[in-house]
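Every read-out reported here was derived from the displayed coordinates using simple, explicitly stated rules and does not represent laboratory data. All values reported here derive from a predicted model rather than from experimental measurement. Cβ: placed from backbone, ideal geometry, glycine included. Neighbour counts: every protein chain shown.
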Amino acid sequence: PAVAAAQQTTLYVGMNGGDMARAFTQHVFPDFERAHNVRIVVEPGMSTEVLARAQARKDKPQLHLMFLDDGVMARAISMGLCEPLRDDPVLKELYPAALKKDRMAAGIDIGMTGLGYNTKVYAEQGWAPPTSWMDLADPKYKGKVVVQSASSSTFGLHAFLMFNRIQGGDDRNYEPGFAKWPAAIGPNVREYLPDSARLAEMIQADEAVLFPWTPTAITRLKRRGVHVEYAQPREGAVILMVGECVVAKNSEPELSQKLALYLLSAQAQAKALEKG
């Protein structure tokens, strides 16, 4: 056992912490760890934090794999922080949209952003559930909207992009959103959060009443007894793909490739779906 422990390799994966990291650590990684005599350690953080970590250590990476939201993944690829996935039959099992150009990254899961709302406050006020992204601009929510900062959170960015689209902009023209957000939604915003970590506390304290978030995150809070619900905006939710990429120049390129391909397999994906 002492010799085996001394020979064991450690792989570091940068990804969101919390429930997702627990699901992978407890249920998805162990089969690979046993098969390859490796230890997998999660380095938790938001996508922008993981990217910053990889960029700071790009000449001598500490991370072996990164899970990043799709927009952040595009930045990582453009910075040369990812290396192509090895061609493998498992890649043919993915939806075409899940595989980035030149196999630089692949989708590890799909989510979506809509609206979350505080059911306790809504019931007390006699309000109907939200139905539109433009509810964020309704004057009755003055001081009651919480938005994750668009510069560091995908959820806040999604809310801005949908507002921009409703105002006549598109994914290449953001000026309508920038011009109209301050007067339309701005007065309602109680706080711009750097991430979603404090959002649950603000909901429980009735400080957050309406906010962009995912049905998955909201379901997790409901299971813990938090008075919150998800609403699908009539204009549509925004699809989010979290991708994985092998970090370029990492110390274990062969094992990193094997882990990345294993995580795309039906075996690993089934466990992630069931336990995550």
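Under 23 Å Cα to Cα from Lys249, which lysines show up? Leave out anything in the same chain fewer than 8 places away.
Lys58, Lys60, Lys100, Lys101, Lys258
For region 105-256, what class follows from the C-alpha gyration tensor (a ≥ b ≥ c being the square roots of its eigenvalues): rounded when a/c is under 1.5, otherwise prolate if a/b is larger than b/c, else oblate?
oblate
List the lysines whose Cα sits under 28 Å from the Cα of Lys120, skipping any in the same chain fewer than 8 residues away.
Reachable lysines: Lys140, Lys142, Lys144, Lys222.
Where both residues lie in the chain, what percent of DSSP beta bridges are antiparallel, nearest 5?
So the antiparallel bridges amount to about 65 percent of the total.
So which trypsin sites (Lys or Arg not before Pro) in region 140-171 are both in a DSSP loop and have at most 11 other Cβ atoms within 10 Å of their Cβ? Show your work: numbers first, answer last.
Values: sites: Lys140, Lys142, Lys144, Arg165; in loops: Lys142, Lys144.
Answer in residue order: Lys142.
Give, as ranges by residue number, the residues of region 240-259 whose backbone N falls under 19 Å from the point 7 Å along Cα→Cβ of Glu93.
Counting backbone N atoms under 19 Å from the label point, the list is 242-246, 256-259.
Could you grab the relative contact order for region 126-276? Cα pairs under 8 Å, six or more apart, rounded to a whole percent. Write down the numbers at each step before the final one.
On the way: 158 pairs, mean separation 39.8, N = 151.
For region 126-276, the relative contact order is 26 percent.
Under the rule of at least 5 residues apart or a separate chain, name every residue whose amide H is placed under 5 Å from the amide H of Ser149.
Leu193, Asp195
Quick check: net charge around Gln269, other residues with Cβ under 13 Å of its Cβ, Lys/Arg +1 and Asp/Glu -1?
Values: positive: Lys271, Lys275; negative: Asp31, Glu93, Asp109, Glu244, Glu274.
Taking every other residue near Gln269 into account, the sum is -3.
Round to a whole angstrom and tell me the spacing of the C-alpha centers of region 208-249 and region 134-207.
Spelled out, the Cα-based centre of one part sits 15 Å from the other.
Of the candidates Val147, Val90, Val247, which one comes out as most mobile in a Gaussian network treatment of the chain with C-alpha springs shorter than 10 Å?
Val90
Length gain on complete extension for the stretch Met79 to Glu124, per 0.36 nm per residue less the alpha carbon to alpha carbon distance? Intermediate results must be reported in sequence, preceding the final value.
Details: separation 45, 0.36 × 45 = 16.20 nm, distance 4.95 nm.
Length difference between fully extended and current span is 11.2 nm.
Within 12 Å, Cβ to Cβ, of Ala23, how many net charges do the neighbouring residues add up to if Lys/Arg are +1 and Asp/Glu are -1? Spell out each step's value before the answer.
Working: positive: Arg22, Arg220, Lys271, Lys275; negative: Asp19, Asp109, Glu274.
That works out to +1.
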